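Novice: I have a structure I would like to understand better, so I am pasting it below and will then ask my questions one at a time.
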Amino acid sequence: MNRRELIKAFAATASLTVAGRVWAAPSTDARLLVVFLRGAYDAANVVVPTGSDFYYASRPTLAIARPDAGNPNAALALNSDWGLHPALRDSLYPLWAKREIAFIPFAGPSDDTSRSHFETQDTIELGQAVGGSRDYRSGFMSRLAAELTRVKPIAFTDQLPLTFRGKAQIPNVGINAVGKPAIDDRQAKLIKQMYAHSDLASAVEEGFKVRDDVYRSISEEMTAANRGAVSPRGFELSARRIGRLMREQYNLGFVDVGGWDTHVNQGAAQGYLADRLGELGRALAGFAEEVGPAWRDTVVVTISEFGRTFRENGDRGTDHGHGSAYWVLGGGINGGRILGAQVKVEQANLFQNRDYPVLTDYRSLFAGLLQRMYGLQTASLERIFASTRPADLGIV
């Protein structure tokens, strides 16, 4: 038995304390990337409750069709009750077959019901209970890094995120990439000139004015909700770079992806949300491919501040909600399952008659996952998530 095998064998039965911090042998190989979808993505149209008649009654224009092998716009079957958005067919759905992805519906911060992007994003990044005084100098990923040895953290963001604020200096590097609009101002001007002396001139002018007014109104809220996060398209372009960095240099990372605040024209199997999901799925698949053999020791957790209203609104979109669905990916996880406490998706089980409830608290989920990944003892978990009971969902 060589030294590496000896260390791994010892890790199954014991942990060590180095310089007052807990160390378990798996932490020498384990990699963790947290992907934060800022803006609150519509979980019910991604991890789709295909077994619920109430879902289809509540979303006359947004619902994803039940699984049907002959329908490319139908949900991809996960089990008898749940399906996956078809935009993820070629990227993340293959990971389900390989048991390298799991979904946790009804997840989120159980004690934050503000439905405010900013308050709830802060709640999650801090990892501190709502109601008491908050220490904005102490994010939960910074506290995690302080409990580990041989850890090399990094934030793939323009500014250091709240979750990595703490005593230690943690590097950050921006990966933003800005996409061009479908029709820019120059093209719009040319189109207006084409119709300048026709009966359609006023209609074209009014059409562009309405488009600009709506875009300005929606983009102002989305920009604020995104907090400077990279776009899904930008993440798709940069994910392989992140994969290389985490394969070769870093083992604890955070990235935020904006563009998920879908109040208007969200779309169903096709449309705005579907396009963003396609970009996100390809990004995560590219990251997994780039990490290479280290994918076996890598865990990616995809979260969002909250879900969205279960019923669609009058603008064919969804509004701020409560419970969401989290994703866990990795080459060594026990995936291919829908995890966590669940209830039947029907009106009687909605939170305040409008949203998914939160049945798996994000702190409990992370505490249980970190305990299994790093062999953390109770005292370490208490310093990361005070007064939190770990939820062992058997993910790793």
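The values are calculated or read from the model by the stated rules, or taken from the named source; none is laboratory data. All figures in this text were calculated on a predicted structure; none of them were measured in a lab. As a convention, Cβ positions derive from the backbone with ideal geometry for all residues, glycine included, and neighbour counts pool all protein chains shown.
Novice: Kindly indicate whether any position in the range 112-120 is in a helix (DSSP H, G or I), closer than 20 Å to residue 325 by Cβ and among the polar types (S, T, N, Q).
Specialist: yes
Novice: Mind checking whether some residue in the range 119-140 is β-branched (Val, Ile, Thr), over 19 Å from residue 368 (Cα atoms) and touching a residue at least 24 places away in the same chain (Cβ under 8 Å)?
Specialist: yes
Novice: In the range 272-283, which residue that is touching an Asp or Glu at 6+ places or on another chain (Cβ under 9 Å) and not charged (D, E, K, R) is surrounded by the most Cβ atoms within 10 Å (Cβ to Cβ)?
Specialist: Within the range 272-283, the match that is surrounded by the most Cβ atoms within 10 Å (Cβ to Cβ) is 280.
Novice: Checking residue 227 against (1) at pLDDT 65 or above; (2) of a type in the set (Lys, Arg); (3) surrounded by 14 or more Cβ atoms within 10 Å (Cβ to Cβ): exactly one of these is not met. Which one?
Specialist: Unmet condition: (1).
One line per residue, one yes/no per condition, for (1) buried (at least 22 other Cβ atoms within 10 Å of the Cβ); (2) in contact with a helix residue (DSSP H, G or I) (Cβ under 7 Å, 6 or more places away or on another chain); (3) at pLDDT 95 or above:
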site: 223; (1), (2), (3): no, no, no
site: 265; (1), (2), (3): no, yes, yes
site: 269; (1), (2), (3): no, yes, yes
site: 293; (1), (2), (3): no, no, yes
site: 297; (1), (2), (3): no, no, yes
site: 313; (1), (2), (3): no, no, yes
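Novice: Can you pull out every residue in the range 64-107 that is over 17 Å from residue 41 (Cα atoms) and aromatic (Phe, Trp, Tyr)?
Specialist: If the condition is that a residue be over 17 Å from residue 41 (Cα atoms) and aromatic (Phe, Trp, Tyr), then 82, 93, 96 are the ones that fit.
Novice: Which of the residues that make up the range 235-265 are more than 20 Å from residue 117 (Cβ to Cβ) and part of a loop (DSSP other than H, G, I, E, B)?
Specialist: Within the range 235-265, 249, 250, 251 qualify.
Novice: Let me ask another. Kindly indicate whether any position in the range 366-388 is part of a strand (DSSP E or B) and either of a type outside the set (S, T, N, Q) or in the same structural domain as residue 298 (by TED's automatic domain parsing) (or both).
Specialist: So in the range 366-388, the residues part of a strand (DSSP E or B) come out as none.
Among the residues of the range 366-388, not one is part of a strand (DSSP E or B) and either of a type outside the set (S, T, N, Q) or in the same structural domain as residue 298 (by TED's automatic domain parsing) (or both), which makes the answer no.
Novice: Please find, among 148, 126, 62, the residue that is within 19 Å of the chain's Cα centre (by Cα) and in the same structural domain as residue 311 (by TED's automatic domain parsing).
Specialist: 126
Novice: Working carefully through the options 334, 349, find the one that is within 24 Å of residue 30 (Cβ to Cβ), surrounded by fewer than 22 Cβ atoms within 10 Å (Cβ to Cβ) and of a type in the set (S, T, N, Q).
Specialist: 334
Novice: Turning to a different aspect of this structure: Being surrounded by fewer than 16 Cβ atoms within 10 Å (Cβ to Cβ) and in a loop (DSSP other than H, G, I, E, B): is that true of residue 134 here?
Specialist: In short, yes.
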